[in-house]
Amino acid sequence: MSIISKDISKAIKLLNNEELVAIPTETVYGLAGNIFSEKAVSAIFATKKRPSFNPLIVHIGSKDWLKEIVTHIPEKAQRLADVFWPGPITLVLPKKEIIPDNITAGKSTVAVRVPNHAVTLELLKNIDFPLAAPSANPFSSISPTQPEHVESYFKKDIKMVLDGGPCKSGIESTIIGFEDDEPVIYRLGSTPIEEIEKVVGPIKIKNKKEVSPDAPGMLERHYAPKTKTILTDNLTKSIKSHSDKRIGLLIFNDIHNDDNIQFKVVLSETSNLDEAASKLYDALHQLDEQELDIIIAEQLPDYGLGKSINDRLSRATKS
Ligand code: TXA
Ligand code: MG
């Protein structure tokens with residue numbers, strides 16, 4: 001029997017009972033549990049096979065809850081919350097004592113966001129605790145953007161995927177930390193950096209090496225298909241050099257001559273980056289099911305959401 005269901009009251013019961021429920025958000029599905037339940041939080045780490053040093057994001061139902069969770073809200077953090085929440089921005093701020101150490105992997109900061117999905121906002125309104133929720137995929141594999149992706153990963157491990165349809169944005173939230181009250185990007189994501197800069201001015205992106213102590217989840221290899229995958233800015237050349245193989249293509253718009261290609265996914269016929277982001281992970285799931293020798297992914301334009309998509313593709317293709 002399928003574990004996918006629209007029954008919010010069942011989800012509430014399970015969560016109140018310290019069990020896990022996969023929940024829809026605008027970015028990706030999350031594997032959610034009560035932040036105050038040690039049992040639920042340990043189950044999140046065990047189910048995902050996630051290393052315990054990698055902290056979780058706390059999901060709240062409204063920005064008013066932020067002050068209950070963190071000790072200090074820099075002016076620019078408040079501005080970002082006011083403009084973007086509910087929405088795909090996660091703020092990393094100093095935690096209050098009530099936030100358990102297993103959520104933050106012992107760190108003094110906590111990551112928080114208000115997800116922009118009607119079903120999950122309704123759920124959060126009807127429980128009296130925030131939800132810890134990492135993306136609902138096994139550690140380092142492709143993130144889930146449809147309830148079926150979660151079911152195929154975890155049908156033996158959890159009782160319910162709360163069905164909220166396909167995720168609209170399709171890549172994870174942008175994570176922002178603060179240094180001397182100034183915002184710094186820890187993880188590129190669904191809110192393009194250009195939009196953030198309109199609100200808080202020029203903002204630094206931490207490179208992968210700098211970020212690793214702060215966001216251990218920003219591991220080099222992540223979001224990865226099982227099939228060997230490469231990223232290229234020269235499709236013709238890459239296809240030629242693998243001409244003896246079963247090739248799958250992940251391309252931005254459909255301009256390529258596709259002789260010798262076994263399977264191809266076009267992210268956006270009209271070169272629309274929002275559409276490309278929303279299709280990215282499902283495209284990788286589909287390609288991974290085709291028994292290909294290699295997936296060749298095309299680099300996207302390096303601005304707006306293209307920058308965030310390129311970040312994910314570069315991690316998906318690290319060996
Ligand atoms: O869109 C999203 O953010 C999704 C949905 C479900 O909300 N969640 C998500 O969670 O992507 P996860 O666990 O896959 O990624 C969370 C990232 C990890 O890289 C983790 O290291 C980082 O957030 N993180 C969590 N707490 C942190 C903290 N206190 N300081 C720095 N990074 C932190
Ligand atoms: Mg993840």
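We did not get these values from a lab; they are worked out from the coordinates using the rules stated. Note that this is a predicted model, so its numbers are computed, not measured. Neighbour counts are summed over all protein chains in view; Cβ atoms, including those assigned to glycine, are modelled from backbone coordinates with ideal geometry.
Projecting the Cα atoms of VAL150, ILE103, VAL184 onto the dipole axis of region 71-206, where Lys and Arg carry +1 and Asp and Glu carry -1 at the beta carbon, places VAL150 farthest toward the positive end.
Of all beta bridges DSSP finds with both residues in region 92-229, what is the antiparallel percent, to the nearest 5? Antiparallel: roughly 75 percent of the beta bridges in region 92-229.
Shown is the FRET efficiency for ASP293 and LYS39, computed with R0 = 51 Å from the Cβ-Cβ distance and rounded to the nearest 0.05: 0.75. About the centre of its Cα atoms, the chain shows a dipole size close to 720 debye [charges on the beta carbon of Lys, Arg (+1) and Asp, Glu (-1) only; nearest 20 debye]. Extending 7 Å from the Cα toward the beta-carbon at both GLU275 and ASP101 defines two label points whose distance is 5.1 nm. Bridges between two residues of the chain, per DSSP, are antiparallel at a rate of about 40%.
Panel order for TRP85, TRP65, by other beta carbons found within 10 Å of each beta carbon, from fewest to most: TRP65, TRP85. Estimated at 0.36 nm per residue, the fully extended path between ASN126 and ILE205 surpasses their Cα-Cα distance by 24.8 nm.
Quick one: of LYS13/LYS307; LYS13/LYS49; LYS48/LYS168; LYS228/LYS307, which pairs are farther than 32 Å apart, Cα to Cα? Violating the 32 Å limit, Cα to Cα: LYS13/LYS307. Between SER5 and ILE230, what is the spin-label point distance in nm, taking each point 7 Å from the Cα along the Cα→C-beta axis? Taking the simple label geometry, SER5 and ILE230 are separated by 4.7 nm. Cα centroid separation, region 118-168 to region 254-319: 23 Å.
Among MET1, MET160, sorting on how many other beta-carbon atoms sit within 10 Å of each Cβ, with the fewest leading, yields MET1, MET160. As a ratio to 2.2 N^0.38 Å, the alpha-carbon radius of gyration computed for the chain takes the value 0.98. Diffusion coefficient of region 1-91 by Stokes-Einstein, Kirkwood radius over Cα pairs, 10 °C, 1.306 mPa s: 106 µm²/s.
When shorter helices are ignored and each DSSP H run of at least 4 residues is given -39500 (n - 2.57), the per-residue value for the chain at 222 nm works out to -8500 deg cm²/dmol.
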